[in-house]
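Some notes on the structure that comes next.
The values are calculated or read from the model by the stated rules, or taken from the named source; none is laboratory data. What you see is a predicted model; the values in this text were computed from it and never measured. A quick note on method: Cβ atoms are made from the backbone with ideal geometry, for glycine too, and the neighbour counts reach across all protein chains shown. Note: areas computed on protein heavy atoms with side chains; ligands, DNA, RNA excluded. Shrake-Rupley method; radii C 1.70, N 1.55, O 1.52, S 1.80 Å.
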Amino acid sequence: MKASVSIDKFVMEYKDVPLGAYYGLMRDAAMNGFQMKPTSYWGDYCYELHLRKENGAYLHVFYKNYRETEGHLHTLRLETRPEHYLHFHELLEPIRKVASRITFVGCDVAYDVSTSLENVIVIPTDMRREMTHEGTTRYFGLPHQRKTNGYCRIYDKRLERWEKQKIMLDHELSRIEIVYKPDQKLLLSDVGRYPPEQNDKYFAAVVTDWDVLPRKRVEQIRNMRDGAEMYTQRIRKGVKETLANPYHVDFNRLAREQWVSLVEVPCVAVLGGSVNRSFNSDWCNDFVYTVYDLPTEENDRKHTGLCRFWKTSYTTHHCLPLVEGMSKNISYAPLKTLKFYYM
């Protein structure tokens, strides 16, 4: 069965960004009326800023990793859906100009098949990857491994869209979603040359006709599908041989065929078109991008408590966000007491 490929979250980093540039991004977002939620000391980064526009586009900004303890130039990380980078292009342009380089961190690669979840089989190549369940969703990886390379979840996309968006599709839809995070961070301009190779982590198949398979083999396949029994290496090999043709889902081929077009939107939005055009693809100035689903619960949690700053006209651009009564050396300004002082 043919699978379609898309990218969900797309993460990139700007290197060697001064604190003033981060403050400038906050200022520009406020002046343009974006919904904002700044936080401090939340996770791995000292500063977090979560932005949302009226059309639902969002952007998560993380600045200064805890490992960066010296100097005044730090990493600024961005996370959002690929097409949302287009909505924040003007906001990010000043960051691009001061950063020493922009690197690709990782993304979620989604493979969609128009069939029910019971027909989708995913078997890890490393049998130490144990399966867990939450409702009908299957996971390979623990919650704290959510952003690590190879983390995988298999779920009923049709059910998810109904539960979260009240949209009922007229056909079955299942999704295999795998995190792609290279061992070494790639320059964003070169990411088109490095499509994910996820066959070495998982074997996947979509069974369209169970009746043609031997009864004993069907039992083994279903047990492995649900993580109930993984059997010996010999049986696993036999199961894979049974499913290889015509049911196999080739992750590497699917990603390789569409990778350049998938990464084109965020790369062009951030780099202004200076992307390595690999695979002899036909690139054009007018590109079409996919509109993905609405933000998930994880993104909604980050947006909880967003406040709105309405756009205002100013006659000067020299400003710093400070807390009233504190010095200009402040490292963080709480949202409720945030004011703009002009020099």
Mind checking which residues of segment 58-75 are in contact (Cβ under 8 Å) with a residue 12 or more places away in the chain and over 14 Å from GLY43 (Cα atoms)?
TYR58, LEU59, HIS72, LEU73, HIS74, THR75
Determine which single condition PRO82 fails, assuming it passes every other condition in (1) more than 30 Å from VAL260 (Cβ to Cβ); (2) buried (at least 20 other Cβ atoms within 10 Å of the Cβ).
(1)
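For every residue, the table says whether it meets (1) modelled with pLDDT of 95 or more; (2) under 17 Å from LYS2 (Cα atoms); (3) surrounded by 14 or more Cβ atoms within 10 Å (Cβ to Cβ).
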site	(1), (2), (3)
PRO195	yes, no, yes
GLN220	yes, no, yes
MET230	no, no, yes
ALA255	yes, yes, yes
Listed residues LEU92, LEU117, LEU86, LEU159; which is hydrophobic (A, V, I, L, M, F, W, C), touching a residue at least 40 places away in the same chain (Cβ under 8 Å) and farther than 30 Å from MET12 by Cβ?
LEU117
Restricted to segment 53-73 and to residues being polar (S, T, N, Q) and modelled with pLDDT under 90, the residue nearest to ALA30 (Cα to Cα) is ASN55
Applying the selection to segment 136-157, what residues are open to solvent by 60 Å² or more (accessible area, probe 1.4 Å), of a type outside the set (S, T, N, Q) and in a helix (DSSP H, G or I)?
PRO143, HIS144
Do we find a residue being within 20 Å of the chain's Cα centre (by Cα), assigned to a loop (DSSP other than H, G, I, E, B) and polar (S, T, N, Q) anywhere in segment 106-115?
no
Answer with yes or no whether ASN32 is free of Cβ contacts under 8 Å to residues at least 60 places away in the same chain, polar (S, T, N, Q) and surrounded by fewer than 17 Cβ atoms within 10 Å (Cβ to Cβ).
no
Does segment 228-240 contain at least one residue that is among the charged types (D, E, K, R) and either within 28 Å of the chain's Cα centre (by Cα) or not in a helix (DSSP H, G or I) (or both)?
yes
Go through the residues of segment 201-210 one by one and say whether even a single one is under 16 Å from ILE176 (Cα atoms) and of a type in the set (Ser, Thr, Tyr).
yes
Look through ASP200, ASP190, ASP211, ASP183 and report the one residue that is assigned to a helix (DSSP H, G or I), acidic (Asp, Glu) and under 24 Å from GLY106 (Cβ atoms).
ASP190
Considering only residues that are hydroxyl-bearing (Ser, Thr, Tyr), under 16 Å from the mean Cα position of the chain (by Cα) and outside any strand (DSSP E or B), which ones fall in segment 44-92?
TYR85
